[in-house]
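The values are calculated or read from the model by the stated rules, or taken from the named source; none is laboratory data. Quick caveat, the model's predicted, so the values are computed rather than measured. Cβ sites come from the backbone with ideal geometry, for glycine too, and all protein chains shown count toward neighbours. The accessibility values were calculated without ligands, DNA or RNA, using every heavy atom of the protein model including side chains. Shrake-Rupley method; radii C 1.70, N 1.55, O 1.52, S 1.80 Å.
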Amino acid sequence: MVSPFLYFPDERLSLAELTAACLDGHLVALGEGFIPADAVETPWMRARSLLTLLGSRWAATRGSAAWVHGATAHEPACHHLQRVSPTRLRTLSGSRAEYHDVRMPSADVEVVAGVHVSTRPRTLADLARSGADADEELAREWARREPDLASAAREWLSRHPRFPHARRAAGVLEPDQDEVTRYTS
C-alpha cells in the first residue's frame, strides 16, 4: 500500500526529485524514505519507512526498534536487524544495517505497518544486554520513563536466563533507589 505521506525512491518520484524536494524544504528523510517536512512522525510511519530495508524476512531490533516504538527521537545511523524467516539468509553487507542471523521467536515480534519489529519488552531487554554504552544509556532512560515496561523487560530476562549478559541487563533495568524512595514517600 502506498502511503500519501511516505515517499520511496522510484515509487512515485525519482531519488533526484525527492532529494530536490528535501533541498527545497518540502520533504525530510525518514528511514529509507521521505515524508513531508510538516508531517508528524508516528510509530507507523517510522516502521513503514524501513519496509525496503527489512522486507518480510527481517525484524527491526535494539535501537531501530526503540526508534520505531518512540523510545528515542533519533533514528540510528546503523539499523539492527534480526532474522524472522525460518530459513537462513544471505546478508548484504553495508553501512546502513547490521544483520543478526539468529532467528527471533515469533513471541518476541510484532507487526507494525506491515514490518516486523521486536516487542517493547524484548527491545528494552536487548538494549540493556547489548554492552554498547549508547544502548545501555537508552535502556536506562527508557526504563526510568516507563517503569512498567522495565518490569516487563526484567520478566522477559528472567524467562531467558541463558541469553548472553542477561544478569548485567537486569541490573541496568533495576530502578534507581533514589527514585524509588522519592516516588514512594
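Results, tabulated for the structure shown:
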read-out: The stretch 143-168 residues that are open to solvent by less than 60 Å² (accessible area, probe 1.4 Å), paired with ones that are β-branched (Val, Ile, Thr) and assigned to a helix (DSSP H, G or I) (beta carbon under 9 Å, 6 or more apart); value: Ala143/Val172; Ala153/Thr123
read-out: Residue match in the stretch 132-140 (condition: part of a loop (DSSP other than H, G, I, E, B), surrounded by 15 or more Cβ atoms within 10 Å (Cβ to Cβ), at pLDDT 90 or above and not aliphatic (A, V, I, L, M)); value: no
read-out: Failed item, numbered, when Ala65 is tested on (1) at pLDDT 95 or above; (2) over 28 Å from Asp126 (Cβ atoms); value: (2)
read-out: Residue check, Asp101 among the charged types (D, E, K, R) and under 23 Å from Ala153 (Cα atoms); value: yes
read-out: Check on Val115, in contact with a strand residue (DSSP E or B) (Cβ under 6 Å, 6 or more places away or on another chain) and open to solvent by less than 50 Å² (accessible area, probe 1.4 Å); value: no
read-out: Which listed residue, of Leu157, Leu127, is assigned to a helix (DSSP H, G or I), within 23 Å of Trp58 (Cα to Cα) and modelled with pLDDT of 95 or more; value: Leu127
